[in-house]
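Here the structure comes first, spelled out in structure tokens, and everything after it is commentary.
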Amino acid sequence: MAATPTAPVVEVAPDARRGGTSVRRCLDFAVAAGRGLVDPAVLAGAAVEAAWLTAHLATWPVGLVTGGHRDTGPRYSVAHLPPVRRGLLVSDVEAAGTPIVLVHGIVSNRSIFTLLRRGLTRRGFSRVIGLNYPTVATDVRTAALRLAEEVEAVAEETGFERVHVIGHSLGGLIARYYVTRLGGDRRVHTLVTLGTPHEGTWAAYSTPSRLMRQMQPGSGLMRELARPVHGCRTRFVAYWSDADAAIVPRTSAALRHPDLAARNVRLHGAGHLTLPMLGEVVHGISEALAQLDTDGTTVRRGATPLAPRG
């Protein structure tokens, strides 16, 4: 998998940009972009992003017909498994079997998760399910209702009352709406978002469509997501990159909400499409999902905890 240097896990400070003007924001963005042009990590990340774009375009048709892998049968034998998978299954059969639902972003399909799915299964997670849904002809709320149906079907088929969800870009926004506005926290133990515009993105102004208007900063959907979410049981991990060209400003991909237990992970130099393909992202997600108890606390001493509420 591609490797891009990452910064340590950080909790993003409260947003100080809200009081600024649009002109000031544009100037700040221009300055940041100029600095990025001379940053070796950003330049390397851009090259990797271009390579993954080519690879994704090549695998995109395959993702339309394959990749769901809705394997619901129990696995009791471990003799055929490599040591890493065997270790997780033996140490925590519930963590290994808990379904992981993958939700792709706009103008994409589940093929974007090819390497992430492979990495998770190699680490012992036996039920990794990639979904497809139409993006251009839908909106976030409609897609969230469909996700709710899919999660219920997975829970019924597998017998697990709770699942994990990983959403890339728009997929994370859809999953967040399901969890916080449609009662999905009853089903979703942990939601991991990768390059998701939690506070909107100026890039959404580029296309005049209903879906893109929902992702604009200050839209009705963004205001709805900012409402109180008292007692939410889902834990959140939000990966964001300082070189993500699809999220403007970049920090909008961090999740900041007073009612949500969230850990924000900053990556340095990683492009938008690269996020689901990074080895350190796969490793970080695997560590989080393998070490969380049913209430969201860590079960091993020394494990990095999710940020508590308050």
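The values are calculated or read from the model by the stated rules, or taken from the named source; none is laboratory data. Here the structure is a predicted model, which means the values were calculated and not measured. FYI the Cβ positions are ideal-geometry reconstructions off the backbone, even for glycines, and counts take in every protein chain you see. Each accessible area value is taken on the protein alone, full model and side chains, heavy atoms only, with ligands, DNA and RNA left out. Shrake-Rupley method; radii C 1.70, N 1.55, O 1.52, S 1.80 Å.
Summary of computed values
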read-out	value
Among 165-175, 200-210, 264-274, 114-124, the order from most to least packed when residues are scored by Cβ within 10 Å on average	165-175, 264-274, 114-124, 200-210
Percent carbon-and-sulfur accessible area, the stretch 94-216, ignoring ligands, DNA and RNA, probe 1.4 Å	51 percent
Per residue solvent-accessible surface (Å²) - the stretch 96-229, probe of 1.4 Å	34 Å²
Theoretical FRET efficiency, 1/(1+(r/R0)^6), r = Cβ-Cβ of Ala155 and Tyr205, R0 35 Å, to 0.05	0.40
Asp259/Glu94 FRET efficiency (R0 25 Å; Cβ-Cβ; nearest 0.05)	0.40
Selected from Ser252, Thr142, Ala155, residue furthest toward positive end of dipole (the stretch 133-291; charges at beta carbon)	Ser252
For the stretch 104-165, size of Cβ-based charge dipole, Lys and Arg +1, Asp and Glu -1, in debye	480 debye
Length added when fully stretched, Thr121-Arg233, from 0.36 nm per residue minus Cα-Cα	37.7 nm
Spatial separation of Cα centroids for the stretch 218-250 and the stretch 178-214, in angstrom	7 Å
Net dipole in debye of the stretch 228-290 [+1 Lys, Arg Cβ; -1 Asp, Glu Cβ; about Cα centre; nearest 20]	200 debye
Sequence-distant residues sharing a close amide H with Ala261 (under 5 Å, placed H)	Phe236
Tensor-based shape of the stretch 151-241 (alpha-carbon gyration tensor, a/c under 1.5 rounded, otherwise prolate or oblate)	prolate
Burial ranking of peptide ranges 104-111, 237-244 (average Cβ count within 10 Å, highest at the top)	237-244, 104-111
